[in-house]
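Only one structure is covered here, and it is reproduced in the block below.
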Amino acid sequence: MQFSLTTQSIETLNVHTLVVAAFKGRGSACELTEAAQQLDAACDKRLCEAIADEGFAGRTGEILVLHRLAGVAARRVVVLGFGERKTLDAARFVKTLTGWAAKNRAPQAALALTEVLPDGLDEVWAARTAARVVTFSSSRPVLLKTEREKTPELDSCLWVAPERNDDVARALETGRICGQALLWAKNLQELPPNICTPEYMARTARTLTQGRGAAKGLTIEVLDRKAIEKRGMGGLLAVSSGAQTDPVFIELAWRGAAAKDAPVVVVGKGITFDAGGISLKPARNMDGMKFDMSGAASALALVKAAADMKLAQNVTALVPCCENLPSGSATRPGDVITTASGKTVEVLNTDAEGRLILADALTRAADLNPAVCIDVATLTGACITALGSSMSGLFCEDAKLTEELCRAGSTSADAVWPLPMGGDYRAMLESAAADLANIGNAPQAGASVAASFLAEFAPKCPWAHLDVAGTANSMGFKKEGFARPLPLLLEWILAREPSGKNAGGKKRRTGK
Ligand code: BES
Ligand code: MN
Ligand code: ZN
């Protein structure tokens, strides 16, 4: 996929498909953008005629297709409705463009969307977001079917703008890289658990640092079982003890700033299959537990994108990876383990495994003296109960980081909602046998109790925990990876860039 900026006059663009925007007007009327009006003038009002004939009103996601308009060089014109102009937000922009891109069969398109700007966001944001969304939703899924449908994919896309702007041209490339990172994470998420094993995760992460095109400054270290034992990562060892596969601990680092610059550390839960262990899960929908490595996929993909964009920051992903399976060697409910931090944990439920491997990873994060630490995990069913599938749970006691993540969540259409932890929730983890138990003494507030467990191990820097159990993937029949919260993480890390060039929206430095 390739994106470029053009300032060519809209009616002369010799492309397969030209996309222009319209908004919902009063009643059943529609409000054309200036670009659409220019096109209408070039084709002797045929566009407005068609709009009237079809009763096109510019509602969100509404599409009108016109073929070979006289006076217009493009073969097809797509009028895309974005709903009411004044209430347009990032989420509707993304949803509308995704709807078009997912259905699109054109190999080549031009997008005239510079006037489609949600309040407070600029063309840099729009170009970046469009390139990201189009890249992500134009690609067909990698399926392991022996007979493959051959559906055409979009391979080149123009951004039609009234004038040249280097920041916008750069934003297209930034967005393309973000879209590629999202696809990379999604494809990894969707692999079946017999293929996507801990060792496969390590191998896949390693390929990012090897071969042509691998960014200099991107390095990997993979701890094997022996190294994991040496570091005393008792959480990771306990969770993996029922499986035939060995655990791995992946450290993928992008060095884009001076070595002394404190890194952003992103920890990702990498359970490649969560059967629950001895506290076995019910059979129904258990196959969905292949997605329990979604946090890991987002963390690794963030570092890949940071390297591809050559960000001027140090970013490290820490990914503990293993399977949670029952067997004669599995951890028993009641076992007491010692984590890498030295703290002991009474494992009362082996299905609360994510927090055990994350505890060790957070301890390792502290060694790196991070500027900020964020962990990402499909951690609790309780978070799905609380927030459903539209928002991820955000647990953070640092006001500035909370604000940054909430903002990045809304401008990337990958929303989060703050939830509490600590205090009474922490008290629910008291154990008679060890420093703490791995589940609460009551079934309520499971997401907050889990976050409070992690807080015991978090490094002493601004730290946030994102529970993406409900947002990282779809549940239903066609189980699909969404690579959330990667859009949020990408938006957040771009806003941290010292130059501020990539950020779009309000121009400001959010630095350390
Ligand atoms: N991976 C699951 C959480 C999960 C559940 C993700 C459903 C996506 C969909 C996690 O390891 C788990 O099993 N959590 C338990 C914790 C409980 C035993 C305290 C849960 O939420 O039921
Ligand atoms: Mn579990
Ligand atoms: Zn799990």
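Coordinate-derived values only; no laboratory data. What you see is a predicted model, and the numbers here were worked out from it, not measured in a lab. Please note: Cβ atoms are built from the backbone with ideal geometry, for glycine as well, and neighbour counts cover all protein chains shown.
Considering all C-alpha pairs of segment 57-134, those separated by over 21 Å amount to 27%. Relative to its residue count, segment 331-479 spans a Cα convex hull of 119 Å³ per residue. Protection proxy ranking of 145-158, 180-193, by the mean of other Cβ atoms within 10 Å over each peptide's residues and highest first, is 180-193, 145-158. Between Lys103 and Ala257, the distance separating the two model label sites (each 7 Å from Cα on the Cα→Cβ line) works out to 4.4 nm. Note on Thr146 and Gln2: the model spin-label points, each 7 Å out from Cα along the C-beta direction, lie 3.7 nm apart. The tail of the calculated P(r) for segment 68-200 beyond 20 Å holds 53 percent of all Cα-Cα pairs.
Each residue in Met289, Met1 was given a count of other beta-carbon atoms within 10 angstrom of its own, and listing them fewest first yields Met1, Met289. Among the listed pairs Lys186/Lys230; Lys304/Lys343; Lys45/Lys103; Lys281/Lys478; Lys290/Lys310; Lys150/Lys304, those with a Cα-Cα distance over 25 Å are Lys186/Lys230; Lys304/Lys343; Lys45/Lys103; Lys290/Lys310; Lys150/Lys304. Using the alpha carbons alone, the radius of gyration of segment 233-331 stands to its Kirkwood radius in an Rg to Rh ratio of 1.10.
The phi torsions of segment 23-34, fed into the Karplus equation with coefficients 6.51, -1.76 and 1.60 and a -60° offset, translate into couplings of 10, 6, x, 6, x, 9, 7, 10, 10, 7, 6, 4 Hz, rounded to whole numbers, with Gly and Pro shown as x. Computing FRET efficiency as 1/(1 + (r/R0)^6) for Ser28 and His67, where r is the C-beta to C-beta distance and R0 is 30 Å, gives about 0.80. Shape summary: segment 191-495 maps onto an equivalent ellipsoid whose semi-axes, from the alpha-carbon gyration tensor, are 26, 22, 20 Å in decreasing order. Computed extension gain for Ser390 through Glu199, at 0.36 nm per residue and net of the alpha carbon distance, reaches 65.6 nm.
When the Cα gyration tensor is reduced to axis lengths a ≥ b ≥ c, the ratio a/c is 1.5 or higher for segment 1-69, and with a/b above b/c it is classed as prolate.
Let me test this: with uniform point scatterers at the alpha carbons of the chain, what is the Debye-based log₁₀ I(q)/I(0) at q = 0.11 1/Å? Evaluating at q = 0.11 Å⁻¹ gives log10 I(q)/I(0) of -0.90.
The angle between the Cα long axis of helix 399-411 and the main principal axis of the chain comes to about 40°, on a 0 to 90 degree scale.
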